[in-house]
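Scroll down for the structure; my scribbles are underneath it.
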Amino acid sequence: MFAAWDNYFMLLGAAAGSLIGLLFVVVTLTSGIERSRALRASTIYLTPTLVHFAVTMVSSAVAVSPATPKVAAVILAVAALMGLGNAVRTCLGIYEFAQGDNPPHWSDIWCYGGAPGAIYIGLIGTSAAAWMGWPLAVGAGAALLMILMLVAIRNAWDLITWMAPRGPSGTDQIPN
């Protein structure tokens, strides 16, 4: 079922794995930020981005593995359900964070929770279609995984541009 897409999934999975490695570099940017603030932001923002890359990498690995389409569909569905649960948790965390003194940007709930949640729902649907042997499932899953990775890249960029100019006190360090 996935045979014609081997190169696509190899490239997508390798890119996702590489981007996971780069997230470790992003984590080093939090060294000057107050620990409780960094941990909270990590849970709400960094972990979901890591999950998106991990789901993309695992799904790509399953697609190029010799697993039967039904086994692949089950693994993809489990990964998508875990991603959906993470997206819901992220939305709730951002909502809770918004009740504080320093509310997040309006786009955070959509880019970190809403859009990935919709993509994971789509991936659950494509897993069901793959289970039933529908040929369109592979193309739809490939497109959804690419969109998920692009959203994760956007979110990683958002994190970097937010963290990089901040100093130990959390104040902006960009010169006037």
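Given the condition among the hydroxyl-bearing types (S, T, Y) and touching a Pro at 6+ places or on another chain (Cβ under 7 Å), answer yes or no: does some residue in the stretch 121-129 qualify? Before you say what the answer is, go through the steps one by one.
We begin by selecting, within the stretch 121-129, every residue among the hydroxyl-bearing types (S, T, Y); these are 126-127.
Then drop every residue that is not touching a Pro at 6+ places or on another chain (Cβ under 7 Å), which leaves none.
No; the residues of the stretch 121-129 include none that is among the hydroxyl-bearing types (S, T, Y) and touching a Pro at 6+ places or on another chain (Cβ under 7 Å).
Checking the structure you have, find out if any residue of the stretch 87-100 is assigned to a loop (DSSP other than H, G, I, E, B) and either under 15 Å from F9 (Cβ atoms) or modelled with pLDDT under 95 (or both). Outline the logic, then answer.
Initial filter on the stretch 87-100 (assigned to a loop (DSSP other than H, G, I, E, B)): 99-100.
Still in the list and also either under 15 Å from F9 (Cβ atoms) or modelled with pLDDT under 95 (or both): 99-100.
Yes, that holds for at least one residue.
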- Query: What number of residues within the stretch 2-14 satisfy the criterion of being surrounded by fewer than 17 Cβ atoms within 10 Å (Cβ to Cβ) and among the hydrophobic types (A, V, I, L, M, F, W, C)?
  - Reply: 5
- Query: So A72 fits all but one of (1) touching a residue at least 40 places away in the same chain (Cβ under 8 Å); (2) surrounded by fewer than 19 Cβ atoms within 10 Å (Cβ to Cβ); (3) closer than 11 Å to A130 by Cβ; (4) not aromatic (F, W, Y); what number is the exception?
  - Reply: (2)
- Task: Could you tell me which residue of the stretch 101-132 is nearest to W5 (Cα to Cα), considering only residues that are at pLDDT below 90 and outside any helix (DSSP H, G or I)?
- Result: S107
- Query: Of the residues that make up the stretch 20-43, is at least one at pLDDT below 90, of a type in the set (A, V, I, L, M, F, W, C), outside any helix (DSSP H, G or I) and over 14 Å from N155 (Cβ atoms)?
  - Reply: yes
- Restricting the stretch 125-146 to residues that are of a type outside the set (G, A, S) and crowded, with 17+ Cβ neighbours inside 10 Å, which is farthest from L11 (Cα to Cα)? W131
- Residues of the stretch 90-124 being surrounded by 15 or more Cβ atoms within 10 Å (Cβ to Cβ) and of a type in the set (S, T, Y), which ones? T90, Y112, Y120
- Query: Yes or no: M82 under 15 Å from A54 (Cβ atoms), part of a helix (DSSP H, G or I), modelled with pLDDT of 95 or more and under 20 Å from the mean Cα position of the chain (by Cα)?
  - Reply: yes
- Item | Hits in the stretch 145-164 - residues which are over 23 Å from L123 (Cβ atoms) and without any contact (Cβ under 8 Å) to a residue 24 or more places away in the chain | T161, W162
- Item | Hits in the stretch 72-84 (condition: in contact with a helix residue (DSSP H, G or I) (Cβ under 8 Å, 6 or more places away or on another chain) and among the β-branched types (V, I, T)) | V74, I75
- Output for Cβ contacts, cut-off 7 Å, separation at least six or different chains, first residue under 15 Å from L159 (Cα atoms) in the stretch 93-110, second modelled with pLDDT of 85 or more, reads I94/Y112; I94/G113; I109/C91
- Message: Return the residues of the stretch 95-122 that are more than 19 Å from A140 (Cα to Cα), aliphatic (A, V, I, L, M) and under 14 Å from the mean Cα position of the chain (by Cα); say none if nothing qualifies.
- Response: I109
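The values are calculated or read from the model by the stated rules, or taken from the named source; none is laboratory data. What you see is a predicted model; the values in this text were computed from it and never measured. Here the Cβ is made from the backbone with ideal geometry for all residues, glycine too, and neighbour counts use every protein chain on show.
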